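Chemist: Quick one: the structure is below, questions incoming.
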Amino acid sequence: MALDVSAVRAGYPALADGYAYLDGAAGTQVPGCVIDAISAAYRSGLGNAGGAFPASKRSDAITAECRRAVADLVGGTADGVILGPNMTTLTYRLAAALAKSWQPGDEVIVSRLDHDANVRPWVQAAQRAGATVRWAEVDLPSGELGAGQYDALLTGRTRLVAVTAASNVIGTRPDVAAITAKARAAGALSYVDGVHATPHGPTDVAALGADFYTTSAYKWSGPHIGAVVADPALLETLQPDKLIPSPDTVPERFEQGTPAYADLAGVTAAVAHLAALDPAATGTRRERVLASMAAAQAHEQRLFARLLDGLAAMRGVTLYGSACLDPTTPPKAHRRTATAYFTVEGWSPAQVAAHLAEARVNVWNGHNYAWELTGVLGIRAAGSAVRAGLVHYNDRSDVDRLLASVAELAG
Ligand SMILES: Cc1ncc(COP(=O)(O)O)c(C=O)c1O
């Protein structure tokens, strides 16, 4: 069923301020039900984990429920959901744990499409271990990350392939399942960055073949919490650095310090919110999530076509990442998230973003940590580009406001 965007928007207090929030790729707004869940957790009394008294048991229950919710969102196992402050912190932690067994001469593969959070932790861990870093390249101008190149990149020494499920600037969705299958066949593990992909459609970690899948709740209407999802049996094989008295169980041994319990309650509420985006969806929470995220994707892609068509028609606008601009190949929608990255001739990206801000349109300008990609695109030194990202709560008026404002500069 189609998503009722006015009803969705009514649930987000922040959207009432009159701005067009096209900055969702950097972090979404939060619906009232998530704010209420966080507030209710604090109001009910929380304690540290593992105590005999009810407030402590509430924290334990919140954590367990949060793991189940994240597992339902992406299709994993609750016992394999590692929770933490954000994806970057967790990825550094996993990189350190995995690299303990790397030897000089081992190899890791990273990509130039990825956000730096799925590049630098691996590069730096490889440097420490004396391992070699190999790079998967982005095809230009298509913006595709070809799966075929991994045949030549993988060797018997490859220990890990880090790849994104979607670019956070040009939206490209590589064929992750093909890449992880090749990695597995070569005996390597895969670490898939799902931070940008998760909010934009149904996710099935098993179908992606990801050994590790990362996501960040603040990109999908939740609080600032990150998660890594993996098979608990795989996590059992790893020994991260940890304090002596902290739990040695999986997944807790990967979680450092005291968690943000109230925020974890907000994560569960965010998954409930996403599961209800398609009001006609029925069944388990997982089934409702899949139906609702498909409805969200269809909604975003309809708006995105309008956004791209509008920008492409403007003299002076250059769009990056053209994978879905070819109307002759229909389900291109699934190959690119609703994320536009563009420049306007004669104006710096910072000037464009400032102009849009005056029109009450929120967008980001710059490399957005897509460090390698903006380098190979040759735009980083000049301020990279402007990013306008759509999520499920954006509507046509958001897009039209952006187009009208860009048109004032681009003609
Ligand atoms: C694709 C992608 N990966 C990783 C990150 C880093 O996530 P976090 O802020 O949770 O560390 C981001 C954040 O923007 C992102 O967009």
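The values are calculated or read from the model by the stated rules, or taken from the named source; none is laboratory data. Keep in mind that this is a model prediction, so the values were computed, not measured. Glycine also receives a Cβ, built like all others from the backbone with ideal geometry; neighbour counts cover every protein chain displayed. For accessibility, only protein heavy atoms count, side chains too; no ligands or nucleic acids. Shrake-Rupley method; radii C 1.70, N 1.55, O 1.52, S 1.80 Å.
Chemist: Of all beta bridges DSSP finds with both residues in the chain, what is the antiparallel percent, to the nearest 5?
Modeler: Within the chain, antiparallel bridges account for around 50 percent of the total.
Chemist: Still on this structure, please answer the following. Rounded to the nearest whole Å², what accessible area per residue is found for the range 235-276 with the 1.4 Å probe?
Modeler: Ligands and nucleic acids excluded, the result is 46 Å² per residue.
Chemist: Moving to a separate point now. Run the accessible area of the chain with a 1.4 Å probe and give the carbon-and-sulfur part as a rounded percent.
Modeler: Here carbon and sulfur together make up 56 percent of the probe-accessible area.
Chemist: About the Cα centre of the range 78-155, what is the dipole size in debye to 20, counting +1 per Lys and Arg Cβ and -1 per Asp and Glu Cβ, all else neutral?
Modeler: 420
Chemist: Cut-off 10 angstrom, C-alpha nodes, Gaussian network model of the chain. Which of Ile244, Ile225, Ile379 fluctuates the most?
Modeler: Ile244
Chemist: Report, as a whole number in µm² per second, the diffusion coefficient that Stokes-Einstein gives for the range 340-394 at 25 °C and 0.890 mPa s using the Kirkwood radius over alpha carbon pairs.
Modeler: Rounded to a whole number, D works out at 212 µm²/s.
Chemist: A further question on this structure: What longest range of the chain stays clear of loop-exposed GluC sites (Glu not before Pro) (DSSP non-H/G/I/E/B, at most 16 other C-beta within 10 angstrom)?
Modeler: Free of exposed loop sites, the longest segment is 138-344.
Chemist: Averaged per residue, what accessible area in Å² does the range 127-209 show with a 1.4 Å probe, protein chains only?
Modeler: Computed with neighbouring chains in place, this is 35 Å² per residue.
Chemist: DSSP H helices in the chain with Cα extent of 15 Å or more along the helix axis and mean Kyte-Doolittle hydropathy at least 0.0?
Modeler: Passing helices, by number: 32-44, 87-99, 261-275, 396-410.
Chemist: Order Tyr19, Tyr150, most accessible first, counting only protein heavy atoms with a 1.4 angstrom probe.
Modeler: Largest accessible area first, the list is Tyr19, Tyr150.
Chemist: Would you mind working out the magnitude of the charge dipole of the chain relative to its Cα centre, with +1 at each Lys and Arg C-beta and -1 at each Asp and Glu C-beta, to the nearest 20 Debye?
Modeler: The calculation lands at about 220 debye.
Chemist: When the Kirkwood radius is taken over all Cα pairs of the chain, what Stokes-Einstein diffusion coefficient follows at 20 °C and 1.002 mPa s, in µm²/s?
Modeler: For the chosen part, D equals 98 µm²/s.
Chemist: Further question: For the range 119-253, what Kirkwood radius comes out of the mean inverse Cα-Cα distance, in Å?
Modeler: 16.2
Chemist: Let me know the volume per residue of the alpha-carbon convex hull for the range 43-173, in Å³.
Modeler: Convex hull volume per residue, Cα atoms: 148 Å³.
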